[in-house]
Amino acid sequence: MNRLLSVAGSLCLALGLAACGVQDGEGGDRYLPADQRVRSLTLPFDEYTLSPFQMRTLDYAEDLLVRDCMRRHGMDWQVLPAPEEEGTDPAHRRRYGVIEMEVARQYGYGAPPGAADEVLVEETRQERLTLLATEHRAAHGSEGETGCLEEAAGDITAGVPDMDYDLLNSYIHASFETSRSAPPVVDAFSAWSACMAERGLDYPTPPEAWAEERWAEGEDDPSTQEREVATADVACKEDASVVEVWREAEAAEQEDLIEEHPRDFALFAQVRDVQLETARTVLERFGS
């Protein structure tokens with residue numbers, strides 16, 4: 001797997017993939033928490049999708065249900081670590097490319113390692129590949145019998161209305177792509193490009209800088225050149241107010257989509273609310 005985290009990764013929010021932000025097995029002390037400016041980035045669709053922290057909370061609640069089932073079979077189950085909001089990347093940390101100077105300095109266009117608990121999540125999942133035969137049957141089921149994983153998945157989704165996640169993803173993608181051609185964003189990109197040119201770098205738009213194939217070629221630490229381009233990118237984004245302008249344009253696109261498709265978004269909100277209420281109920285029942 002290459003080091004780069006594509007903006008397309010933001011679509012995993014809609015699909016509920018809690019581990020999208022974990023890029024390698026290191027993490028822990030190398031984790032760089034997002035600053036408050038990044039955490040304050042919000043978009044209208046946030047009210048209709050689960051944040052990374054909420055997705056991890058839902059996964060944690062489901063895992064508590066698995067543990068309860070396994071204990072009924074006389075076995076234990078190592079539960080995923082309880083998520084911590086400060087240790088979970090905010091939804092839009094990478095939506096507009098690299099926007100944090102320290103991330104650019106250390107990792108170029110690559111995503112920084114996950115927090116310690118995110119790494120533990122991956123380690124726990126890997127350890128489950130070596131369950132004893134009896135534990136494996138209880139967890140995964142056998143012919144004619146439902147396993148604890150399937151039972152928990154059914155319980156956590158009970159009462160959740162059916163929805164078209166591809167449709168939600170199409171709206172997320174459309175708002176992002178359409179916002180790129182909004183006149184204020186085009187102007188901000190031009191100012192950013194001029195700023196980059198002053199540093200001897202020729203890129204018409206920020207996506208063309210972060211999408212360079214050479215940045216994705218290796219799996220090791222980023223090159224000095226990649227870090228230099230990334231830090232210039234961040235500096236010029238700040239100089240041209242790219243993130244603020246782009247977020248505002250995308251927010252307007254999202255508001256238009258919400259207004260144009262009220263029934264779709266009412267369903268998206270309902271699904272989100274039911275999922276969060278289910279998670280709260282499980283956590284209240286089983287605690288940590």
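Here each label is just a point 7 Å from Cα along the line to Cβ, and for Val160 and Asp239 those points are 4.6 nm apart. Distance from the C-alpha centroid of the stretch 228-260 to that of the stretch 100-176: 29 Å, rounded to the whole angstrom. Within the full protein context, the accessible area of Tyr109 is estimated at about 10 Å² for a probe radius of 1.4 Å.
Taking 14 Å as the cut-off, the amide N atoms of the stretch 68-85 that come nearer than this to a point 7 Å along the Cα-to-beta-carbon line of Arg137 belong to 73-75.
Across Asp233, Asp68, Asp59, mean-square fluctuation computed from a Gaussian network of the chain (C-alpha pairs under 10 Å connected) peaks at Asp68. On full extension, the segment bounded by Gln126 and Thr224 gains 31.9 nm, given 0.36 nm per residue less the C-alpha separation.
Could you work out how much longer the chain between Arg39 and Glu208 gets when fully extended? Use 0.36 nm per residue separation minus the Cα distance between them, nm to one decimal.
Numbers: separation 169, 0.36 × 169 = 60.84 nm, distance 2.48 nm.
Additional length available on full extension: 58.4 nm.
Gain on full extension, evaluated as 0.36 nm per residue between Asp76 and Leu167 minus their Cα-Cα distance, stands at 28.9 nm.
The values are calculated or read from the model by the stated rules, or taken from the named source; none is laboratory data. Treat the numbers as computed from the prediction; the structure is a model and nothing was measured. Counting neighbours? That spans all protein chains shown, and the Cβs are built from the backbone with ideal geometry, glycine included. What goes into the accessible areas is simple: the full protein's heavy atoms, side chains included, and nothing from ligands, DNA or RNA. Shrake-Rupley method; radii C 1.70, N 1.55, O 1.52, S 1.80 Å.
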